[in-house]
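Single-structure report; data block below.
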C-alpha cells in the first residue's frame, strides 16, 4: 500500500474570487465544484497532472482560520509554495495580469522565490529550483 497526498487546503475569503484567481490567473483547472449549501467543495489541479494533488479552496469558516491566515499575511509568510520552471517569465506574465507581488524574484541559494497576493487572504510563494 502506498500513501499519497490527495488534496491540500488553502483557506480563502471568497470561493468565487478564489476560483477566478486560481483558474484565470494561475492557470489551474477545476477538479471538483460541488454545491454544499452556503459553500462549495471546490478543488483545482495542475492541468498537466489532472490526477495529481488537488488544492481545496476552502472557506474561512472555522474561528481559528482567519486569525491564523491574517497573522501569516501580516508577517509576510506565504501559505504554500508553487513550483514554476521560469520564475522571471511567470512573474512578468502574472504582473501583466494585474497580480500583486510582495517580493519579486529573489535568489535564495538553490531556489529563486517570489511572493504574490492571491486576492483571497493569502500569500503564495513561487519557486524555481536552480541546478
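What follows draws every value from the coordinates through simple rules; no lab data is involved. None of these values were measured; they are calculated from a predicted model. Cβ sites come from the backbone with ideal geometry, for glycine too, and all protein chains shown count toward neighbours.
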Compute the separation of the alpha-carbon centres of segment 100-122 and segment 23-38 and state it in Å as a whole number.
23 Å
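Once you keep just the Cα pairs under 8 angstrom separated by 6 or more residues, what percentage relative contact order results for the chain?
On the way: 239 pairs, mean separation 31.7, N = 131.
Computed value for the chain: 24 percent relative contact order.
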Tell me the angle of helix 65-74 to the major Cα principal axis of the chain, expressed in degrees between 0 and 90 and rounded to the nearest ten.
20 degrees
For labels at residue 83 and residue 130 in the simple 7 Å Cα→Cβ model, what's the distance in nm?
1.8 nm
Spin-label model distance (nm) - residue 103 vs residue 16, 7 Å beyond Cα toward Cβ:
3.4 nm
To the nearest 10 degrees, the tilt of helix 87-96 (Cα long axis) against the first principal axis of the alpha carbons of the chain is 60 degrees
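Please work out the FRET efficiency for the pair residue 36 and residue 68, using the Cβ-Cβ distance as r and a Förster radius of 25 Å; give the result to the nearest 0.05. Mind dumping the intermediate values first?
Details: r = 22 Å, r/R0 = 0.89.
In this case the efficiency is close to 0.65.
How many percent of DSSP beta bridges within segment 7-129 run antiparallel, rounded to 5?
Values: 21 of 31 bridges.
In segment 7-129, DSSP labels about 70 percent of beta bridges as antiparallel.
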Using every pair of alpha-carbon atoms in segment 7-129, split the distances into 10 Å bins beginning at 0 and state the percent of pairs per bin, rounded to integers.
13, 44, 35, 8, 0
Length gained, residue 25-residue 6, 0.36 nm per residue minus C-alpha separation, equals 4.5 nm
